[in-house]
Structure formats: C-alpha cells, structure tokens
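Every read-out reported here was derived from the displayed coordinates using simple, explicitly stated rules and does not represent laboratory data. These numbers were taken from a predicted model, which means no experiment stands behind them. Cβ placement follows ideal geometry from the backbone for every residue including glycine, while neighbour counts extend to all protein chains displayed.
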Amino acid sequence: MLFLIRLLGRLPLRVLHWLGAALGWTAYACDRTYRERLRENLARSGLGDPPGTHRVLRGAIVEAGRAIAELPCLWLQPQAGVSRWVRVTVGQQHLDEAHARGRGVLFLSPHLGAFEILPQWYGLARPITVMYRRPKLGWLDPLVRAGRGRGQVELVSADLGGVRAMLRALRAGQAAGLLPDQAPGAGEGVWAEFFGRPAYTITLAARLARSTGATVLLAVARRLPHGRGYELEFHPLPDPLPADPVQAARVINAAVEAVVARCPAQYLWSYNRYKRPAGAPPPPQDPAGTR
C-alpha cells in the first residue's frame, strides 16, 4: 500500500483529481453510511440543490474523492513544488498586516478544499505549529508525519502539550493552525449552531486568541478546475473574539458557513460534524441526548 501511495505521489495533480472523481463516486456507491451522511448534511445545510437538480450533490461527491486522491501529491512532492500550486491568494493584506504588527497568526482552516496545503505553503517561508492526530491506520503514521512536518512546519500532539506549544508559538509572533470544525472531545467544546443544527464546537481557538493577542484568520484553499492548483484566501475574524465561549463559537461557525456557502461542493459533508462526543452534555434542544 505504501508503494502505491508513493507511486501516486509522482502523478500530476490533474491526473490525481481525475482519479479522485472516480474514487468519490465509488465510495458514494459502496458505502451506505457515508452516502446517507453526505446527503443529509448537505440537504439540511440549505446549500443543496433546487428540486429536480443534483449539481451540488454531484460536485460534493467528486470533490470528496479529490480530497483523498490529492494527498499523495501534497505529502510526497517537494514542498516548494506543492507551494507553487497556490496560484492565487485573496486577502493577503490581512496576513501582511499581522506580520507588520509582529503579532502571531492563528489560521482556522475548515474541512473545505485542500486544507492540508496551507501549512506547506506558509511553512516554506515562516514557522507554523499545527496540531496532529495519529491516523487510525498505524502504518500510515510515518508517511503522514513526514509529509506534513516539512520545512518550518512543527507538528504537535492534540493534547495539553500541544496547546502549550501553540501558545509559545503565537506569543513569539509565529503562526499556528487549527481545524475550527473538528468535533472536539468532551469538555473541549460548547454547543453552537452550524447550518441551523447544534454542533459541538471547539473553544480552543478563542482561548488561544485571547491569551496571545494573535490575529485570527479563516484560511481556505479552494481547488481550481482541471488540476490547475488552488486559490488561497484569508478572511479576518472579529478582533477580539467574544469572551463568552458560546458567543465566540457562534462567530467562528458563522464565518465558516460564509466561506462554505461560496463553494459548497468542496466542503466535506461526509464528516460527522454533528456527533455528540462521549461524556459531552446533550445539545440544547435534545434533552435525551440522542443524535
């Protein structure tokens, strides 16, 4: 399997995206749980298709496959080459302003587009600290670590030690990165609406920003057509974020909703965003705690 992944990593991005389209349809056809979750999350978001059309759904199926197929390229091809796939940057001035003020930058990259490419692009020139969760497939761990932790990218574990490392980086005027729509463990989040449904949402982003004075930027890398690369865009969040954890979570979720609405097909609708972590309280309108 490792040999196959390394072989795929040599292919052009446009070929991997073509293969990814086939992979997306195969997964959709073969995995009932995956298929139902993707359809339900997209339909309930309000961003799905008008009656009688399936354009967004078809796009979501294809883009989910591309998100997997492009990983060998992002992990295995030279970091400078991967960074050159970033063809356009929108909102670059927000990043430049944070650098000019000497402030740390906290990137929040949702499950949209090629969220793996941001640390590679940024870490080619400046240090960035990102949290890392060991993959369920243990044999894949060395490959993922080597692919993600290149250049000035520092991988830290998703625990208290990792949080401390991110605090140090931000206080030193460096960058750190988080997935704002990653479902956290019990005690690490609050319930806040995401596309009209309660979603257990991390509080770490707001705590890091308040503790360090870092600039918080929502960062998105959207795929361009025909494997031409990615459009990287930055959106500033309110400075400061609300002190109340629930209010801060709502602000972050609303910002993620806004960027997803611009490109709904590239959001990972199959992700189990609305799960209730073991030990977490039930969502507000679900007193029985069933979800």
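Once amide H atoms are placed 1.01 Å from N in the peptide plane, what residues at a sequence separation of 5 or more from Y274, or on another chain, have their amide H within under 5 Å of its amide H?
Excluding prolines and chain starts, which carry no amide H, there are no hits.
If you count, for each residue, the other Cβ atoms within 10 Å and average over each peptide, how do 253-259, 274-280 line up from highest to lowest?
Ranked by mean Cβ neighbours within 10 Å, highest first: 253-259, 274-280.
Beyond 16 Å, what percent of the Cα pairs of region 81-195 remain?
66
Through the Karplus equation 6.51 cos²θ - 1.76 cosθ + 1.60, θ set to phi - 60°, convert the phi angles of region 269-283 into ³J(HN,Hα) values in whole Hz; use x for Gly and Pro.
Those phi angles translate into 5, 6, 5, 7, 5, 9, 6, 9, x, 4, x, 7, x, x, x Hz.
What is the Å³ per residue value for the convex hull set by the Cα atoms of region 1-62?
106
Beyond 34 Å, what share of the Cα-Cα pairs of the chain remains, rounded to the nearest whole percent?
18
Pick out, from L42, I117, T212, the residue whose Cα sits farthest towards the positive end of the charge dipole of the chain, with +1 on the Cβ of Lys and Arg and -1 on the Cβ of Asp and Glu.
The Cα lying farthest towards the positive end belongs to I117.
Just to confirm a number: summing +1 for Lys and Arg and -1 for Asp and Glu over residues other than D96 whose beta-carbon lies under 13 angstrom from that of D96, what do you get?
So the surrounding residues net to +2.
Only Cα pairs within less than 10 Å get springs; with that Gaussian network setup on the chain, which residue of P127, P242, P225 has the largest fluctuation?
P225
About the Cα centre, and with charges only on the beta carbon of Lys, Arg (+1) and Asp, Glu (-1), how big is the dipole of region 2-266? Nearest 20 debye, please.
So the magnitude is around 600 debye.
Beyond 23 Å, how much of the Cα-Cα pair distribution for region 105-256 remains, as a whole percent?
The share of Cα pairs beyond 23 Å in region 105-256 comes to 36 percent.
Specify the inter-centroid distance of region 1-45 and region 94-130, based on alpha-carbon positions, in whole Å.
26
Could you compute the net charge surrounding H235? Neighbours are other residues with a C-beta less than 14 Å from the C-beta of H235; K and R count +1, D and E count -1.
Surrounding charge for H235 is -3.
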